[in-house]
Each structure stands twice: as C-alpha cells, then as structure tokens.
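Before any comments, here is the structure.
The values are calculated or read from the model by the stated rules, or taken from the named source; none is laboratory data. Quick caveat: nothing in here was measured; it's all calculated off a predicted structure. Cβ: placed from backbone, ideal geometry, glycine included. Neighbour counts: every protein chain shown.
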Amino acid sequence: MEQRPDDIILEEKIRAAYEHWYESLEKDSSNGLPNWGPLCTGLIMLERLIKDYDLDIEHHKTSNGSQIRGQGLSLAHKIFAKFGISMKLNSGEFGRTNRSSVPTAEKLLNALKPLHLESLPVDERNRMLSQVQKRLLDALLMYSDHFQVNTQYNPAMSTEKFVKSVLAQGNAKTSGAIAQHLVGAKLELRFPHIKISNYSASTADAPTERSGDFIIGDTIFHVTMNPGDLIFPKCLNNLRAGYRVYLLVPEEHIRLTIRKAKLYGLADDIVVKSIESFIGQNIDELGQFSTELLQQELMKLIEIYNRRIQIERYAPEISIENGISVELEPGEGR
C-alpha cells in the first residue's frame, strides 16, 4: 500500500522523538557516546513494544521493579539476527546490570506517548519502531570492544545474503564506506575495461564537483545507507543535466526510498535498487550460477574491495580477510 504524506511526517516525528531521547542519555566522556547500558535498554524496550505496544512502564518492569524484563544475551542476539548482524557479544551483560534501565526506558516511553502510535495498524507501527531500533543498533555497534566479529561465507548462502552480512558489519560511521567500496568493486569487476573512480567515503560530493558516487557512460550512481531528503534534489539535478540515475540503498530502506521518490516526483525517472541485489545479481551472473565459479567471483570482488578501501585511513578495520572469510570491525568513516 502506498504511504501517504501524513505517514512520512509521522516517521519524521518518530525520528525527532528518538533523537530527543538519545540526546538526553548520559554520555561517555572518553568518546562522547551514550553509555553502553542505556543503549541496550533502548533496544530491549523497542523490542518489547514491537511485541506488545504498552506505554505503561509498570508493564515492563521485573517483579522487584528494578529492571526491564527480558534483558540478557538471548534477546540481544535475537535483535542482531533480525537485522542480519552476525556479531556476537563477548560478555554476558546486555543491560541487566544497568541500574538506570527503568528511568531510561520510561523516558523512551514518554517520548513516544504524544505520537499515538497505538492508533496505527500493527505492521505499520512495528515497521517504524524497527527503523528506530536499527538507528540505535548502529550506535551500539560503535562499541567494538564488546563484540567478536567473524562472518563466514558458505555455498548455501545466497550472494545477496552474503552482501547483506558484510554491510551489517558496519555502523553509523563505517557503513557508508563499506557500501560505497563494495559497489565500486562490483562495477570494476563487471566492467574491467572502464576506469571506475575511487574516492574516500568521507569526501563530500560538492567540494570535488562530483555529481554522484560513480559515473559510467551517461548514468550516475548514488550509494547511501540512509537515504535522506537531500539525495533527491541531487537526483533531480542529475536528470536535468541529461544523466540517467541509479539510487542504491539497503534492502530495508527500499520501500521508504520509493515513497520519498514519489513525493519528489522522481518515481518514474530514477532507478531505485537495493545494494544487496545490485551487487548480488551481477556476481551470480559472472559466476554463471555455478557454486565453484561463484566463489571465484566473490574472491575477486573481495580482492578489488580490499584494494579500493586503501584510500580510507581506517582501511584495516573494514577489510575483508582470508578470501571469503569476512572480518570487519567498527571504526570511523562516512
């Protein structure tokens, strides 16, 4: 069902409510990030609301009233799995020892109350809550010392799922770089006789007079993990300049991106594709849909990716190691 402009406005209100709550959290003086415990509490509370949208804090407390029900590793890994994140916690603590969990959760519930999300269809409300949860998860993943990362490819895994698992290793700062260089590596592998530009993901388009992330022939490619409103005027300028436009976003943002493209009158003029399918389909075709050849093409993709990321100062943290074994650690980036 097509999303109404009112729904877009509501999503922006939810984002603003989340950001207000997020900014209210006590920050770690060493890195300026909210402390680990409150971030865990936020993820737990959102997961509980997805299952049972009750904004009364008493409904979510443990019997002794000191904690939020459901805290622990089991729920943590369930949330990670939902977003395709294979990272494992290297400690058993996921908010359980955080004495501020109840007031932190109550602040989040109070931030949501004025939005009256209870009036929405369950699926639509849960989709919006999951978007907020993903943003909070990105912040949590910046605490690299809490995680062990080792994503392995196996032949039973689809290529798109493999790409998704690599993208999931990033965080709010690194995911843009990972996505951009994966797409660049795919284009270089697919078009070996064409020079594919390679810029640092932290290089803004405007100062370098770049029209997009990549230009091939008369087509411009934009790659973004979080398609905000600013990308659509860029697409419009590209079209006016006579270019064809591809907008590549994570699979989970496809629906919202298409809806926003319609609001900007671009739905019939630009191509919106998921990063996972854009890369995965080509690799499958290059591998002639053969398991053995597919693994060879994936290894080529990874080799090109690892070469292209060397322009990033944090390249070691986002490299893909050991052929088709992936090891990515959160670091700084786009």
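Structural remarks
- Residue pairs meeting the criteria (Cβ under 8 Å; at least 6 apart or on separate chains; first free of Cβ contacts under 8 Å to residues at least 24 places away in the same chain and closer than 15 Å to F162 by Cα, in the stretch 284-296; second not hydrophobic (A, V, I, L, M, F, W, C) and not in a helix (DSSP H, G or I)): Q296/G287
- Test: residue in the stretch 306-317 that is at pLDDT below 80 and surrounded by fewer than 16 Cβ atoms within 10 Å (Cβ to Cβ): yes
- Some residue of the stretch 269-277 being closer than 30 Å to K82 by Cβ, assigned to a strand (DSSP E or B) and touching a Lys or Arg at 6+ places or on another chain (Cβ under 7 Å): no
- Flag for T41 being in the same structural domain as L120 (by TED's automatic domain parsing), more than 28 Å from K164 (Cβ to Cβ) and at pLDDT 80 or above: no
- Residue in the stretch 202-230 that is modelled with the highest pLDDT, counting only those that are farther than 23 Å from E188 by Cβ and of a type in the set (A, V, I, L, M, F, W, C): L230
- E118 farther than 20 Å from G170 by Cβ and at pLDDT 85 or above: yes
- Selection within the stretch 246-283 - acidic (D, E) and either touching a residue at least 24 places away in the same chain (Cβ under 8 Å) or under 30 Å from L129 (Cβ atoms) (or both): E251, E252, D269, E276
- Selection from the stretch 8-61 of residues that are out of contact with any helix residue (DSSP H, G or I) (no Cβ under 8 Å at 6 or more places or on another chain) and surrounded by 14 or more Cβ atoms within 10 Å (Cβ to Cβ): N35
- Considering (1) outside any helix (DSSP H, G or I); (2) of a type outside the set (G, A, S); (3) surrounded by fewer than 18 Cβ atoms within 10 Å (Cβ to Cβ), the lone condition that I85 does not fulfil carries the number (3).
- Qualifying residue in the stretch 141-153 (condition: over 23 Å from I309 (Cβ atoms), in a helix (DSSP H, G or I) and at pLDDT below 85): yes
- Some residue of the stretch 43-55 being under 25 Å from R15 (Cα atoms), in contact with a Cys (Cβ under 8 Å, 6 or more places away or on another chain) and not acidic (D, E): no
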